[in-house]
1. Return the pair list, or none, for Cβ contacts closer than 7 Å from residues in segment 40-66 that are over 26 Å from E85 (Cβ atoms) to residues that are open to solvent by 40 Å² or more (accessible area, probe 1.4 Å) and part of a loop (DSSP other than H, G, I, E, B), at least 6 apart or on different chains.
2. Residues in segment 49-61: is at least one open to solvent by 90 Å² or more (accessible area, probe 1.4 Å) and more than 14 Å from V92 (Cβ to Cβ)?
3. Taking segment 129-162 on its own, how many of its residues are open to solvent by less than 30 Å² (accessible area, probe 1.4 Å), over 60 Å from the mean Cα position of the chain (by Cα) and over 18 Å from G94 (Cα atoms)?
4. Give the residue, chosen from E85, E113, that is farther than 27 Å from W173 by Cα, in contact (Cβ under 8 Å) with a residue 60 or more places away in the chain and not in a strand (DSSP E or B).
5. Condition (residue is touching a Pro at 6+ places or on another chain (Cβ under 9 Å), closer than 19 Å to S131 by Cα, open to solvent by less than 80 Å² (accessible area, probe 1.4 Å) and among the hydroxyl-bearing types (S, T, Y)) applied to segment 24-45: is it met by at least one residue?
6. Quickly run through segment 98-136 and pick out the residues that are charged (D, E, K, R) and at pLDDT 90 or above.
Amino acid sequence: MQRLLAVLLVLIGLIGLVLGRLGETTWAPETETTATATLEDPGPAVVIDPGVLYVGGEKGEVVIEGASDVSVITASNSDIDAYLEGVHHTRVTGASDWSTLSTEDVEPDGAAEISDPTGSDLWRSVDTSASPYTLDIGEFWAAENGENEQVYRSLLIVTDGTAAGADKISITWPVDDENEWVPYAYAGGAAIAVIGLVLLVVSIGRRGDEDEGELLEEPQEARSSAARTSLATGGAAAGAAAGGLSQDRDGSDADADSSDAPRAEDPLDAPGTREVGEQSVWSIGDRADDAGTGADGTASDAGSPGADPSGDDADQERR
């Protein structure tokens, strides 16, 4: 059970770490936002007012698309307004939201063309590039706040003076945003995974100790079982021996009893047999007596050499 719980905790911790990673990548909020203005009939010039580039911060990128080469001109608002007086043009005044730039159509009935838009002596800087033109907001901000400070410069965007000044303008700012729950997912997942790993190691170690204990108990149990088996075998053998002795005793007693009982088949019980036996016994006694003494009570010389054999014959006749 403890091992199962440990594995479950490790899995939950890994899931937390995976969720944290997904919160930083797949489920992470956008790292940048882009506001765009699509211009239908902007006129021969488009102006981006000072400060519009910094709506989303001091870093980002401006992309300008046009029908031909795009020229970006910097100058003060007053100089640009004087130059575009009586000319149809469009101004970018800010961002209505984080995806849309707000624009203003100025003098829609004005002139539709301007001559030599890049050759005026009013301009601070002129930079021409193929479409799409890209401007780094960070570099622009550094130039405005450097040694030659030029704060809040307007941007005048033109092409050849006859075509539209720009077809599309996009400003992209980086977004410092993240899912707030990501750190908690990382911390919680890591903590739970560590706890699960510790429990898993403890359960494995405990299991190893139990296995070792079982291995040590097995020989003891085997020896105890062998001892019990030996004792049982010895007891059985002793019991068998005792039973044999009792049987032998019973048998011998039975034999003794049976030997004392008269049997019809015993040759000693046959008629005339006991008399012969008794006669033989008495005759043995008589022989002993005859051998020791004579008829008159004197010692007999039958047993000595040269004795008279007639004495034996007389004894036999007397019997």
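1. What qualifies is V63/P132; E65/S131; E65/P132; E65/D167.
2. Yes, segment 49-61 has at least one match.
3. 3
4. E113
5. Looking for residues that are touching a Pro at 6+ places or on another chain (Cβ under 9 Å), closer than 19 Å to S131 by Cα, open to solvent by less than 80 Å² (accessible area, probe 1.4 Å) and among the hydroxyl-bearing types (S, T, Y), one finds none in segment 24-45, hence no.
6. Passing the criteria: E104, D105, E107, D109, E113, D127, D136.
So that you can scan it fast, the table gives a plain yes or no per residue for (1) within 23 Å of G138 (Cα to Cα); (2) among the acidic types (D, E); (3) part of a strand (DSSP E or B):
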position	(1), (2), (3)
G20	no, no, no
T34	yes, no, yes
P50	yes, no, no
G56	yes, no, no
I64	yes, no, yes
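The values are calculated or read from the model by the stated rules, or taken from the named source; none is laboratory data. A quick note: this is a predicted structure, and the numbers were derived from the prediction, not measured. Cβ coordinates were reconstructed from backbone atoms using ideal geometry, including for glycine residues, and neighbour counts include every protein chain displayed. Accessible surface areas use protein heavy atoms only, side chains included; no ligands, DNA or RNA. Shrake-Rupley method; radii C 1.70, N 1.55, O 1.52, S 1.80 Å.
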